[in-house]
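Let me begin by presenting the structure, written as structure tokens, before commenting on it.
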Amino acid sequence: MDIAHKVKVIDEFQVSPPPGSLPNTISLPLTFFDLPWLLIRNTHRMQRLFFYTYPDISLQNFTQTLIPSLKSSLSLTLQHFFPFVSNLILPPQQPEKPYILFTQGNSITFLVAEYPGDFNHVKSDQAKDVRILHPFAPRLLSTRLSPDGTRVDPLLAVQVTLFPNQGVCIGIEFHHVVADGKAVHHFMKSWALICRSNDYLYSQEFLMPSFDRSSIEDPYELESRSLQQWRDWHSSCEVFEIPTNDDIYTDKVRSTFVLKRSQIERLKQYFSNKSTIGMAHFSSFVVTCSFSWVCLIKSLKSSDNGGDKLCCHCFVADCRNRFGISLPTNYFGNCLAALFPMVERNELVAHDGLIVAARSIVNCIKELESNGALREIEKWVTITDGQSLGSSIFTTVAGSPKMGVYQTDFGWGCPVKTEVTHIDLSSTISLGDCRNGEGGIEIQLALKREEMDAFTEHFEEGLKLL
């Protein structure tokens, strides 16, 4: 596939916060919320694309007006979200701990590119080769190794691609250790607000991030246990890079499916009628997650999908100011508890598989509410990187409909499509809010073409049964 050769890099910049806007150095410790992302080697680099319709934008207008505006507003934003323009420091030996370090003069890579192809096809929902989106996502610079063996990792890269007289794509890649989805979208919406408004500091929409970690309690020694896990393999582990070998993606396609608000309500009613749990527990997330999980398991053609295989469908819950965690909603960093509903495959593919899936997910959420986030994170420490799941069929959920990704308006209107590209590497379902703003949910995933055809069939047939 030659699309990568068609995306032309026009320019490359380094963007820093305004001179003097930050101290010469700022050090930020990692918490036990952050540390698991040092161990999860195949998912720590996250990519998100935002597509905007811009039908009258020429190359000249793009390079002389839009790009300078994006760069200057990004610079202003970085002074408030300094961790993104910092580096992850990984010392070679204990007792030193990994940490985030900002140093005056730090910058992030900002690529400017052009693609003359069909904007509508690239942003479409229909099944398309996963590689079609890869050239629009930037790549973090490679790990640097200092003379004493310390690893230095950049944490954010940005790429803006022009589709002449059609639209614009803003792509980011970030290291998950610096922030979770809520914090990242806080940053993106702040950048967008600053770009479209000169008086952003006086806007009620602008909310300063909080970096205060002093209220984080650790009664179960989660930090020390996570650090020990990291140290056990750090000296010999390979630095993970997103694969560029096309063979990995051969015959793999990605699609977007939409559950309308009315369909979600019918799913809730279906679950309520078939279960004794009670309708209050069947949130939009629960019914969408259950429905997509069952469709996915039915679609996978892997030879190890035996009937008695244990299926684990990992998802995370934001713990800011809930589940016993005293962190504000504007806390910047990671603040997630991972949940691991597990069901045997033969139960999921049975006629009442949807109810079984939903019950498993609801029970995990109930345990989180009952035990608190720290107990669930304690379980996560033992399951990190799937090591204790054996030969389970392990799938994951990325994103959340609560992120409001379609509210990221840089002044040209809201995105017409957003895509999570790193899911191409794994059996991951990405969930997000719907672009029409009517309460629906978008479901994105990448599968082998045969599996995607099967998923589409199960998805459509499942909706017909409602």
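Per-structure values
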| quantity | calculated |
| --- | --- |
| Total charge dipole magnitude, the chain, about the Cα centre, Cβ charges on Lys, Arg, Asp, Glu only, Debye to nearest 20 | 560 debye |
| Label point distance in nm, R375-N120, each placed 7 Å from Cα along Cα→Cβ | 5.4 nm |
| Sorted by Cβ neighbour density within 10 Å, fewest at the top, the residues L368, L145 | L145, L368 |
| Neighbour-count ranking [beta-carbon atoms within 10 angstrom, fewest first] of F282, F211 | F211, F282 |
| Kyte-Doolittle at least 0.0, axis length at least 24 Å by Cα - qualifying DSSP helices, the chain | 353-371 |
| Length-normalised contact order for the chain - Cα pairs under 8 Å, 6+ apart - percent | 21 percent |
| N24 versus F211: modelled label distance in nm, points set 7 Å from Cα along the beta carbon direction | 1.7 nm |
| Within the stretch 312-466: Cβ-based charge dipole about Cα centre, in debye rounded to nearest 20 (Lys, Arg +1; Asp, Glu -1) | 460 debye |
| Semi-axes of the equivalent ellipsoid for the stretch 3-234, Cα gyration tensor, largest first, Å | 33, 21, 17 |
| Charge context of N436, other residues only, Cβ under 11 angstrom, K/R +1, D/E -1 | 0 |
| Whole-number D in µm²/s for the chain (Stokes-Einstein; Kirkwood sum over Cα pairs; 4 °C, 1.567 mPa s) | 56 µm²/s |
| Selection from T63, S16, V130, by position along the positive dipole direction of the chain (Cβ) | T63 |
| Antiparallel content of DSSP bridges confined to the chain, in %, to 5 | 80 percent |
| Spin-label model distance (nm) - E221 vs L466, 7 Å beyond Cα toward Cβ | 4.8 nm |
| Contact order normalised by residue count of the stretch 3-234, Cα under 8 Å, 6+ apart, percent | 30 percent |
| For the stretch 3-234, with +1 on Lys and Arg beta carbons and -1 on Asp and Glu, the positive-most of Y115, G171, S226 along the dipole | Y115 |
| Relative contact order (%) - criterion: Cα under 8 Å, at least six apart; region: the stretch 251-464 | 29 percent |
| Too-long pairs where the Cα-Cα distance tops 19 Å, listed order kept, from K128/K448; K252/K301; K189/K417; K6/K189; K189/K402 | K6/K189 |
| Mean projected area (nm²) of the alpha-carbon convex hull when the stretch 251-464 is viewed from all directions | 12.8 nm² |
| Net charge dipole size for the stretch 3-234 [Lys, Arg +1 and Asp, Glu -1 on Cβ; Debye, nearest 20] | 480 debye |
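Each reported figure results from applying straightforward, stated rules to the coordinates on display, with no laboratory input. If you're wondering where the values come from, they're calculated on a predicted model, not measured in any experiment. Cβ sites come from the backbone with ideal geometry, for glycine too, and all protein chains shown count toward neighbours.
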